[in-house]
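Data first, discussion second: the structure below is written as structure tokens.
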């Protein structure tokens, strides 16, 4: 099945020692992430935070301060090991975002899936994850995530290799230095449609990597989205 092909291909990449080592050096946060976090800081400060696709812990210091409790989760055991070594007093779980069954419904005030983690799976699995996130969020809770933008002038398109999808979204192979990914690109319209289909009825806010409202001729390769349950 294409779902398992995509998931397996990307998981193998995220388990590679060189990829894990590179992620472990990252401590930056994008202006777009900061801008959207600042919008909701007072609404999430007393709630639990779930950090999906935590990687090697890039956002852990920031997100630990955002709520009253924090859990990081990733499907790469190697990434989780790095996190546990860097932050020994924090809870990190090895698990797949496609199945959040270990958490009861309405468990978290804030869920984050940063650095385009939602893009490394199939179209069907992506919708599955959004549904799971909606379930574990409290009413009035927020999801913050980023996703590659098919409308960007930086979209590699057909020249990047194998491509699966429709006009509003596409999955292409990207070869970056010594690593390769099967990566999902979507239009803003398609991302909003997916969020509504998953049950999110609240306002959807979108900005580019610099925290600016997306416009025509967009150069940002991915966008940040914030949606309220």
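The values are calculated or read from the model by the stated rules, or taken from the named source; none is laboratory data. What you see is a predicted model, and the numbers here were worked out from it, not measured in a lab. FYI the Cβ positions are ideal-geometry reconstructions off the backbone, even for glycines, and counts take in every protein chain you see.
Does segment 20-43 include one or more residues that are under 30 Å from residue 139 (Cβ atoms), over 16 Å from the mean Cα position of the chain (by Cα) and buried (at least 22 other Cβ atoms within 10 Å of the Cβ)? There is no residue in segment 20-43 that is under 30 Å from residue 139 (Cβ atoms), over 16 Å from the mean Cα position of the chain (by Cα) and buried (at least 22 other Cβ atoms within 10 Å of the Cβ).
Please work out which residue is surrounded by the fewest Cβ atoms within 10 Å (Cβ to Cβ), limiting yourself to segment 65-79 and to residues that are assigned to a loop (DSSP other than H, G, I, E, B) and either touching a residue at least 60 places away in the same chain (Cβ under 8 Å) or in contact with a strand residue (DSSP E or B) (Cβ under 6 Å, 6 or more places away or on another chain) (or both). Filtering segment 65-79 for residues that are assigned to a loop (DSSP other than H, G, I, E, B) and either touching a residue at least 60 places away in the same chain (Cβ under 8 Å) or in contact with a strand residue (DSSP E or B) (Cβ under 6 Å, 6 or more places away or on another chain) (or both), the one surrounded by the fewest Cβ atoms within 10 Å (Cβ to Cβ) comes out as 67.
Screening residue 95 with (1) without any contact (Cβ under 8 Å) to a residue 60 or more places away in the chain; (2) farther than 19 Å from residue 72 by Cβ gives one miss only, at (2).
Count, please, the residues in segment 192-206 that happen to be farther than 22 Å from residue 157 by Cα and assigned to a helix (DSSP H, G or I).
Filtering segment 192-206 down to residues farther than 22 Å from residue 157 by Cα leaves 195-206.
Now drop any that are not assigned to a helix (DSSP H, G or I), which leaves 195-197.
Final tally of qualifying residues: 3.
Please work out if residue 136 is at pLDDT 95 or above, over 22 Å from residue 11 (Cα atoms) and buried (at least 18 other Cβ atoms within 10 Å of the Cβ). Yes: the conditions hold for residue 136.
Only one entry in 54, 49, 82 is touching a residue at least 60 places away in the same chain (Cβ under 8 Å) and either within 16 Å of the chain's Cα centre (by Cα) or in a loop (DSSP other than H, G, I, E, B) (or both), namely 49. Suppose the filter is buried (at least 22 other Cβ atoms within 10 Å of the Cβ), within 18 Å of the chain's Cα centre (by Cα) and either modelled with pLDDT of 95 or more or more than 20 Å from residue 227 (Cα to Cα) (or both); does residue 95 pass it? Criteria not met by residue 95.
Listed by first and then second residue, the pairs with beta-carbon distance under 6 Å, at least 6 apart or on different chains, first residue in segment 161-189 and modelled with pLDDT under 90, second loosely packed, with under 12 Cβ neighbours inside 10 Å, form an empty list. From the list 209, 219, 189, the lone residue that is touching a helix residue (DSSP H, G or I) at 6+ places or on another chain (Cβ under 6 Å) and either under 30 Å from residue 12 (Cα atoms) or not in a loop (DSSP other than H, G, I, E, B) (or both) is 209.
The number of residues in segment 36-46 that are assigned to a helix (DSSP H, G or I), over 17 Å from residue 113 (Cβ atoms) and in contact (Cβ under 8 Å) with a residue 60 or more places away in the chain comes to 2. Checked against the criterion of being modelled with pLDDT of 95 or more, out of contact with any strand residue (DSSP E or B) (no Cβ under 6 Å at 6 or more places or on another chain) and not in a loop (DSSP other than H, G, I, E, B), segment 98-114 has no qualifying residue. The single condition among (1) touching a helix residue (DSSP H, G or I) at 6+ places or on another chain (Cβ under 7 Å); (2) buried (at least 18 other Cβ atoms within 10 Å of the Cβ); (3) more than 19 Å from residue 22 (Cβ to Cβ) that residue 54 does not satisfy is (3). Applying the set (1) under 18 Å from residue 15 (Cβ atoms); (2) touching a strand residue (DSSP E or B) at 6+ places or on another chain (Cβ under 9 Å) to residue 47 leaves exactly one unmet item: (1). Being over 14 Å from the mean Cα position of the chain (by Cα) and in contact (Cβ under 8 Å) with a residue 60 or more places away in the chain: is that true of residue 62 here? Against the criterion (over 14 Å from the mean Cα position of the chain (by Cα) and in contact (Cβ under 8 Å) with a residue 60 or more places away in the chain), residue 62 does not qualify.
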